[in-house]
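The values are calculated or read from the model by the stated rules, or taken from the named source; none is laboratory data. In this text the structure is predicted, and so the values were computed from the model without any measurement. Cβ placement follows ideal geometry from the backbone for every residue including glycine, while neighbour counts extend to all protein chains displayed. To get the accessible areas, we keep the full protein, side chains included, count just its heavy atoms, and leave off ligands, DNA and RNA. Shrake-Rupley method; radii C 1.70, N 1.55, O 1.52, S 1.80 Å.
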Amino acid sequence: MKAEGKGDMKREHEILIGFLKQKGLKQTDQREKILDIFLSNVKHVSADELHATIRKSDPRIGFSTVYRTLKILTECGLAREVNFGDGRARFERALDKGQHGHLICTNCGKTEEFAIATIEKSIKQISTNVGFRPLGHRLEVYGLCKRCQ
Ligand SMILES: [Zn+2]
Ligand SMILES: [Zn+2]
């Protein structure tokens, strides 16, 4: 799984390295490892969950390093923070991935992504009508998944 994804992760690594340089931050193996695991992992992951996964392959990487790196990945546009209403910040990969909505099961926490191109069109139209300049939006729908109903 890892070797397979390596090819398209090259760009992500270049973006991270460029960003660190630009900010005067140190480029470390740990940060690159965190990026690799983040990219090859599940869709939406909290800092805790990511840390738990990373610890399996490198127990020396601490939680604060994982957390800080996730913040850096968000700042340079490789990750996006998503919030599913349980007070826990989760992160998903953001590069080459358009905005999408989430269907969130409040019982088991399962999430499903859906395309929001049509909704975005309406938002644009409505905004134009009232002279509003939208800067961003989130679309999270809460409910029960098929299995939990
Ligand atoms: Zn469910
Ligand atoms: Zn998502």
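Only strands (runs of 3 or more DSSP E) wholly contained in segment 48-114 count here; list those with 3 or more residues that are open to solvent by less than 40 Å² (accessible area, probe 1.4 Å) and touching a Leu at 6+ places or on another chain (Cβ under 9 Å).
100-105
Against the conditions (1) touching a residue at least 40 places away in the same chain (Cβ under 8 Å); (2) assigned to a helix (DSSP H, G or I), where does K21 fall short? Just the number, please.
With (1) touching a residue at least 40 places away in the same chain (Cβ under 8 Å); (2) assigned to a helix (DSSP H, G or I) applied to K21, the lone miss is (1).
What's the number of the only condition in (1) modelled with pLDDT of 95 or more; (2) loosely packed, with under 15 Cβ neighbours inside 10 Å that G5 fails to meet?
The number of the failed condition is (1).
What are the residues in segment 96-115 that are near ligand 2 (Cβ under 10 Å from one of its atoms), more than 13 Å from V82 (Cα to Cα) and within 13 Å of the chain's Cα centre (by Cα), if any?
Result: K97, single match.
If I filter segment 129-149 down to residues being open to solvent by less than 100 Å² (accessible area, probe 1.4 Å) and more than 25 Å from the chain's Cα centre (by Cα), which single residue comes out as farthest from ligand 1 (Cβ to nearest atom)?
Taking the candidates together, the pick is G131.
Pick out the one residue from R93, R88, R138 that is touching a Lys or Arg at 6+ places or on another chain (Cβ under 8 Å) and within 16 Å of ligand 2 (Cβ to nearest atom). Walk me through how you get there before you give the answer.
Details: R88 fails: touching a Lys or Arg at 6+ places or on another chain (Cβ under 8 Å); R138 fails: touching a Lys or Arg at 6+ places or on another chain (Cβ under 8 Å).
The conditions single out R93.
With respect to A79, is the statement that it is touching a strand residue (DSSP E or B) at 6+ places or on another chain (Cβ under 9 Å), in the same structural domain as E12 (by TED's automatic domain parsing) and more than 16 Å from ligand 1 (Cβ to nearest atom) true?
yes
I'd like the residue in segment 116-128 that is hydroxyl-bearing (S, T, Y) and open to solvent by less than 70 Å² (accessible area, probe 1.4 Å) and, out of all such residues, is nearest to ligand 2 (Cβ to nearest atom).
Selected residue: S122.
Take the conditions in contact (Cβ under 8 Å) with a residue 12 or more places away in the chain, within 27 Å of E75 (Cα to Cα), of a type in the set (D, E) and more than 16 Å from ligand 1 (Cβ to nearest atom) and apply them to E113. Does it pass?
The answer is no for E113.
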